[in-house]
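Inspection log for the structure reproduced underneath, given as structure tokens.
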Amino acid sequence: MHAPLLDIRALHLWMRSFEGEAHVLQGVDLQVGHGEVWGVVGETGCGKSLTGLSISRLVPSPPARYGQGQILFDGQDLLTLPEAQMRPLRGGRIGMIFQDPTTNLNPLFRISDQLVDVALAAAAWRPELLAVPAGASQRDKRRAARALALEMLERVRIPDAARRLDDFPHQFSGGMRQRVLIAMALIGRPQLLIADEPTTALDVSVQAQVLTLLQEMVRDFRMTVLLITHNLGVVAQACSHVAVMYAGSIVERGPVREVLGQPTHPYTRALLAAIPRREMARGALEGIPGVVPDLVRPPPGCRFAPRCARAQDGCQAQVPALLPASANTGAVTGHEVACFHPLPAGAAC
């Protein structure tokens, strides 16, 4: 069996605030194999984006503090690397699409300048990207990087890309800016792509276009993907596996068809019950009672227990571990759940 490309082991992250130190990631465990597309889902404030940012070491420290854990990328612990060794990984072997293109494209620079800079940085560790001789001048390298930038804009279907290459970000629509961010993330041909809510700021029709484009790029470049989203429909459409996060922990994970088709954790089942369906009668939509807990003063034991209808006294005694879903849940191999009282397959919440 091949080692996973990304292996997050018992990752704990504390974040200092005015109220105290918040335990925002509580023992995150996630193994992402080569070529897999993982969706990470959960409510706002569950630690999805911080998990993705931690992989690229983009969480500022301080106020962040990693108490324990490892983030192994191709066998190398990223948390132990000096910053000088992390820089070539970002935009090179690890690409990232950020949530809001408005704030992640510099308004003072043309699109061409921003794409060329990323291409040159990626070529520092993969010179073949620019397809220039080893002794090429800086001018030749920039010319090749510009040609690569134009090629990527065309691949993400920016209309009249040659003319738009030297435009500023404000001259693009929201959907086009998101396409530029996708081109920027893929220009270095990364092994791992982290996409943090890539369609949230877009309307429904543009969301569908961008999602289809992203799937095509992933297939063409044969990448491993971590897709962070709150949209279970996107996960069902685009992902092979899913990890459900709650209050800094992964509470259920496995193949998409099994986790979404036969969820065993009460939180996963509650998320699915909160999705509106066409045949649903007015007033039948279910919400999840309560709110995500204060992570400065989190509840003891299972963090979902205060909102869980199945919670018992023992749930507050210790944190449940991620274990293979038992046979009586109807789950299959690879489906794991962190719950003392998991739901059997087909049961109501």
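Region 140-275: D in µm²/s via Stokes-Einstein (Kirkwood Rh, Cα pairs, 25 °C, 0.890 mPa s)?
148 µm²/s
Before anything else, pin down the relative contact order of the chain: Cα pairs under 8 Å, at least 6 apart, normalised by residue count, whole percent.
Over the chain, the number comes to 20 percent.
Give the relative contact order (percent, whole number) for region 53-187; include only Cα pairs under 8 Å separated by 6+ residues.
Taking the mean separation of contacting Cα pairs over the length of region 53-187, I get 29 percent.
Find the percent of Cα-Cα distances in region 97-193 that exceed 24 Å, and round it to a whole number.
18 percent
Set Lys and Arg Cβ to +1 and Asp and Glu Cβ to -1, take the dipole of the chain about its Cα centre, and tell me which of A134, A281, Y267 lies farthest positive.
Checking the options against the dipole of the chain, the answer is A134.
May I ask for the Rg/Rh ratio of region 236-285, computed from Cα atoms with Rh as the Kirkwood radius, given to two decimals?
1.02
If you average the C-alpha positions of region 23-78 and of region 252-267 separately, how far apart do those two centres end up, in angstrom?
Each part's Cα centre sits 20 Å from the other's.
Taking the Cα centre as origin and putting +1 on Lys and Arg beta-carbons and -1 on Asp and Glu beta-carbons, what dipole magnitude results for region 160-230, to the nearest 20 debye?
200 debye
Any idea what the alpha-carbon Rg over 2.2 N^0.38 Å comes to for the chain?
Compared with the compact-globule rule of thumb, the chain sits at 1.05.
Find the relative contact order for region 217-270 and round it to a whole percent, using C-alpha pairs within less than 8 Å whose residues are 6+ positions apart.
Dividing the mean separation by the residue count of region 217-270 yields 23 percent.
Summing +1 for each Lys or Arg and -1 for each Asp or Glu, what net charge is found among the other residues whose Cβ lies under 14 Å from the Cβ of A84?
Here the count lands on +2.
Please state the equivalent ellipsoid semi-axes for region 1-43: what are the square roots of 5 times the Cα gyration tensor eigenvalues, largest first, in whole Å?
Square roots of five times the eigenvalues give 28, 12, 6 Å.
Pick out which of V28, V40, V319 has the largest mean-square fluctuation in a Gaussian network model of the chain, springs linking Cα atoms closer than 10 Å.
In the Gaussian network model the winner is V319.
What distance in nm separates the two pseudo spin-label positions at E83 and R222, each 7 Å out from Cα along the beta-carbon direction?
Spacing of the two 7 Å Cα→Cβ label points: 3.6 nm.
Working out 0.36 nm times the residue gap between L58 and H2, then minus their Cα-Cα distance, what length gain in nm do you get to one decimal?
17.4 nm
Subtracting the Cα-Cα distance from 0.36 nm times the residue separation, let me have the gained length for A309 to L108 in nm, one decimal.
Computed gain between A309 and L108 is 67.1 nm.
When a/c is below 1.5 the answer is rounded, else prolate if a/b is larger than b/c, else oblate, so apply that to region 60-103 with a ≥ b ≥ c taken from the square roots of the Cα gyration tensor eigenvalues.
Oblate is the answer for region 60-103, as a/c is 1.5 or above yet b/c matches or exceeds a/b.
I'd like the distance separating the alpha-carbon centroids of region 152-205 and region 224-242, in whole Å.
19 Å
Under a point spin-label approximation (7 Å from Cα along Cα-to-Cβ), what is the T212-A131 distance to one decimal in nm?
About 2.8 nm, to one decimal.
So for region 1-129, what percent of the C-alpha to C-alpha distances run longer than 17 Å?
Tail of P(r) above 17 Å: 65 percent of Cα pairs.
Please give the length that would be gained between R142 and H12 if that part of the chain were fully extended, namely 0.36 nm times their separation in residues minus their C-alpha to C-alpha distance (nm, one decimal).
Length difference between fully extended and current span is 42.7 nm.
Would you mind classifying region 203-251 by shape? Square roots of the alpha carbon gyration tensor eigenvalues, ordered a ≥ b ≥ c; an a/c under 1.5 is rounded, otherwise it is prolate if a/b is larger than b/c and oblate if not.
Because a/c hits 1.5 or more and a/b fails to exceed b/c, region 203-251 counts as oblate.
Put one equal scatterer on each alpha carbon of region 229-336, apply the Debye formula with no solvent term, and list log10 I(q)/I(0) at q = 0.13, 0.14, 0.18 1/Å to two decimals.
Values, matching the q order: -0.53, -0.62, -1.00.
Take region 168-240, compute every pairwise Cα distance, and split them into 10 Å bins from 0; I just need the percent in each bin.
Histogram of Cα-Cα distances, whole percents per bin: 18, 56, 24, 2.
Hey, got the dipole for region 13-150? About the Cα centre, +1 on K and R Cβ, -1 on D and E Cβ, debye to the nearest 20?
Roughly 680 debye for region 13-150.
Given charges of +1 on the Cβ of Lys and Arg and -1 on the Cβ of Asp and Glu, with all other atoms neutral, how large is the dipole of the chain about its Cα centre, in debye to the nearest 20?
Taking the Cα centre of the chain as origin, the dipole is about 480 debye.
Using a Gaussian network model of the chain with C-alpha springs under 10 Å, which one of F172, F98, F304 is most mobile by mean-square fluctuation?
With Cα springs under 10 Å in the chain, the top fluctuation among F172, F98, F304 is at F172.
Since every read-out is calculated from the coordinates, none of them should be taken as a lab result. Quick caveat, the model's predicted, so the values are computed rather than measured. Cβ coordinates were reconstructed from backbone atoms using ideal geometry, including for glycine residues, and neighbour counts include every protein chain displayed.
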